[in-house]
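The values are calculated or read from the model by the stated rules, or taken from the named source; none is laboratory data. Remember, it's a predicted structure, so these values are computed and weren't measured experimentally. Every residue, glycine among them, receives a Cβ derived from its backbone with ideal geometry; neighbour counts consider all protein chains shown.
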Amino acid sequence: MAYSEAFGAAVAGARSVVTMKTVGLNIALDAFLHSLIAGVNAGLVLVVTDDTHVVGSQEYQDSRHFFEISGGLWYEPSSIEQAYLMSTRAFAVSERLDIPVVIRLSGNYFHLKPETVEVCPTKHFKKQNLQDLEEIITPGKYVIHPYYFKKQEKRLRLKNGAIREYTAGLYEIKEAGSKKALISFGTTSQSPIDVDCDVMKVFTLPLPRDAILKFIKEHDEITVREDGDFFKKVLLRILGEEELKVRFEPQPNRGVAVKFTRWNKYVELFKLLNKYLKDSIVVSEINQSTVETTDTAKVALALGVAVSTAIGVSEVLGKKLCHCWRYVISSRGQGYSRGS
């Protein structure tokens with residue numbers, strides 16, 4: 001809902017930004033992919049955080065794999081300063097290329113050292129190429145329907161071509177005159193680097209593919225760093241014989257180690273539930289109380305699907321053997337609502 005609201009505001013002429021982590025993008029994926037087909041009016045920026053070390057999410061996922069479905073433009077900053085510069089320019093780029101822009105942050109980004117950043121000139125905040133109301137209400141651009149798809153797909157291919165040209169030169173190379181080299185994606189360039197090593201920093205999708213292949217061919221030993229696995233899978237498809245000299249280096253979690261504990265705030269209530277629901281399957285929402293000391297919840301699939309999951313269980317086993325419990329926070333306090 002947050003993404004579609006931001007998209008609507010962008011269509012109406014207001015620059016919009018929406019933030020979420022990977023699980024949120026999963027839920028917003030239909031709207032996100034359709035917005036790539038439709039394009040934008042005012043700039044639209046999506047900031048997505050990937051929890052690549054599963055510190056506070058349900059599972060591991062690299063959201064960059066969504067790029068391969070419809071393309072678009074993704075940034076992944078290597079520093080706080082670069083994140084600021086990318087974000088201030090992203091709205092104008094979104095308007096110029098007629099595409100929502102994604103800024104991807106891994107968990108390690110939030111553990112970078114603080115930086116003093118110079119404020120950008122106001123010219124970067126001026127809206128570009130906005131449509132008037134007559135253009136917005138003309139059918140065919142913002143209506144996602146099979147009737148318009150061929151024209152929309154052709155327009156998307158042209159936009160993706162322009163984006164590839166735009167990102168072809170967006171990388172940095174620091175030479176040390178070595179035959180050993182490092183290719184880093186995003187914040188991984190902040191990890192310790194061999195001083196006798198040539199370094200290539202990559203921070204966009206589409207990748208500057210030709211520049212990467214040229215850099216690899218010019219060196220004998222290549223180390224590749226990223227937070228996730230998308231870059232690795234793409235490189236393995238295009239490297240050919242060069243694959244033998246490339247080594248992929250996993251990145252550690254640079255934050256504080258998280259120790260998960262079981263929740264026991266309402267342990268007496270959970271004991272009571274276990275007593276009366278001993279032979280039942282209890283389906284839970286994913287929230288603070290999902291994993292607690294008495295193991296009351298037996299099924300918890302995803303955010304917002306406890307009731308539908310419980311319906312599926314009850315249709316097979318009967319209502320007496322299935323109960324759905326949702327933790328509720330309201331203005332009157334905390335409690336539990338029950339559905340069968």
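General observations
- Here E5, E59, E115 are screened, and the one residue that is in a helix (DSSP H, G or I) and among the acidic types (D, E) is E5.
- Flag if I103 is more than 19 Å from Q61 (Cα to Cα) and either surrounded by 20 or more Cβ atoms within 10 Å (Cβ to Cβ) or among the β-branched types (V, I, T) (or both): no
- Among the residues of the stretch 40-85, those identified as among the aliphatic types (A, V, I, L, M) and surrounded by fewer than 19 Cβ atoms within 10 Å (Cβ to Cβ) are V47, V54, V55, I69, I80, L85.
- Yes/no for V48 being outside any strand (DSSP E or B) and of a type in the set (A, V, I, L, M): no
- Residue match in the stretch 185-205 (condition: closer than 30 Å to S35 by Cα and of a type in the set (G, A, S)): yes
- Scanning the stretch 139-169 for residues that are surrounded by fewer than 17 Cβ atoms within 10 Å (Cβ to Cβ) and aliphatic (A, V, I, L, M) yields V143, I144, L158, A162, A168.
- Residue that is farthest from K233 (Cα to Cα), among those in the stretch 71-95 that are modelled with pLDDT under 95 and among the polar types (S, T, N, Q): T88
- Selection count, the stretch 21-47, where residues are touching a Ser or Thr at 6+ places or on another chain (Cβ under 6 Å) and among the polar types (S, T, N, Q): 1
- Residue within the stretch 203-215 that is among the β-branched types (V, I, T), without any contact (Cβ under 8 Å) to a residue 60 or more places away in the chain and touching a strand residue (DSSP E or B) at 6+ places or on another chain (Cβ under 6 Å) present: no
- Hits in the stretch 10-25 - residues which are over 16 Å from I103 (Cα atoms) and crowded, with 17+ Cβ neighbours inside 10 Å: A10, V11
- For the stretch 92-109, a residue qualifies if it is assigned to a helix (DSSP H, G or I) and closer than 22 Å to G161 by Cβ, and the qualifying residues are A92, V93, S94, E95, R96, L97.
- Exactly one residue out of V45, V102, V55 is at pLDDT 95 or above and more than 10 Å from the chain's Cα centre (by Cα), and it is V45.
- In the stretch 182-271, counting only strands (runs of 3 or more DSSP E) that sit wholly within it, the ones holding 3 or more residues that are buried (at least 16 other Cβ atoms within 10 Å of the Cβ) span 198-202, 221-225.
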